[in-house]
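One structure is given below, encoded as structure tokens.
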Amino acid sequence: MVSTRSLVTLVAAVAVLALGAANPAGASLGGGRESVIADRAHLAARLSSQVLAARTVHVLTLANGAERRELARSDGTVFAITWKGRSRPDLRQLMGPSFAAFNAAVAAPGARRTRRPLDVRQSDLVVHAGGHGGAFWGYAYLPGLAPADFSAAELAQGLP
């Protein structure tokens, strides 16, 4: 016999995966330059970009003051994103195809569910996020796509 908790967890996981598959919007994490433009349009945000040595930092500023940073390699591939703002971001849209791996890690049996910041560390995906009503923040990156001189510490700059 299946427990009610197991059934609820299974239904929730299937629903999240189905919603992720139904959203064809430009995916940020792992996407190319076109995904940055799609994100700007999707979020109705102001875009500014700064070219650094081995990467470009695209800053998307929303009308409500929230900010998203998308870090792209020299070939245009987005390997990291950060967010901070008054409301929770649409992680499915920000993380694109990586959302399924993130969701699986969070929903895995034995995954810690506490009030502490969320911390997912896998060989192909790292996510650190937290916040409370009125102040949400976080970052995600794909270690396999990051340039050699990249440090996750630079993602935490400007976040609580």
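Numbers for the structure displayed
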quantity: Answer from Arg73, Arg121 - the residue that is surrounded by fewer than 19 Cβ atoms within 10 Å (Cβ to Cβ), touching a Pro at 6+ places or on another chain (Cβ under 9 Å), over 18 Å from Leu159 (Cα atoms) and not polar (S, T, N, Q); calculated: Arg73
quantity: Residue within the range 131-138 that is buried (at least 20 other Cβ atoms within 10 Å of the Cβ), in contact (Cβ under 8 Å) with a residue 60 or more places away in the chain and not basic (Lys, Arg) present; calculated: no
quantity: Residue list for the range 65-87, filter: on the phi < 0 side of the Ramachandran plot and either in a loop (DSSP other than H, G, I, E, B) or among the hydroxyl-bearing types (Ser, Thr, Tyr) (or both); calculated: Ala66, Ser74, Asp75, Thr77, Thr82, Arg86, Ser87
quantity: Conditions (1) at pLDDT below 90; (2) of a type in the set (S, T, N, Q); (3) out of contact with any Leu (no Cβ under 8 Å at 6 or more places or on another chain); number of the one not met by Asn103; calculated: (3)
quantity: So Ser28, is it at pLDDT below 90 and either in a strand (DSSP E or B) or within 20 Å of Ala152 (Cα to Cα) (or both); calculated: yes
quantity: Any hit, the range 108-125, residues being touching a residue at least 24 places away in the same chain (Cβ under 8 Å), over 15 Å from Gly144 (Cβ atoms) and in contact with an Asp or Glu (Cβ under 9 Å, 6 or more places away or on another chain); calculated: no
quantity: Pairs where the first residue, in the range 147-160, is touching a residue at least 24 places away in the same chain (Cβ under 8 Å) and the second is surrounded by 15 or more Cβ atoms within 10 Å (Cβ to Cβ) and small (Gly, Ala, Ser), C-beta under 8 Å, 6+ apart; calculated: Phe150/Ala80; Leu155/Ala80; Leu159/Gly138; Pro160/Gly130; Pro160/Gly131
quantity: Checklist (1) modelled with pLDDT of 90 or more; (2) under 21 Å from Ala152 (Cβ atoms); (3) small (Gly, Ala, Ser) applied to Ala63, failing item; calculated: (2)
quantity: Unmet requirement for Arg86, which otherwise passes all of (1) at pLDDT 90 or above; (2) buried (at least 19 other Cβ atoms within 10 Å of the Cβ); (3) of a type outside the set (A, V, I, L, M, F, W, C); (4) more than 18 Å from Asp149 (Cα to Cα); calculated: (2)
quantity: Residue match in the range 52-63 (condition: within 19 Å of Gly31 (Cα to Cα) and within 12 Å of the chain's Cα centre (by Cα)); calculated: no
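The values are calculated or read from the model by the stated rules, or taken from the named source; none is laboratory data. Note that this is a predicted model, so its numbers are computed, not measured. Positions of Cβ are generated from backbone atoms using ideal geometry, with glycine treated the same way; all protein chains shown enter the neighbour counts.
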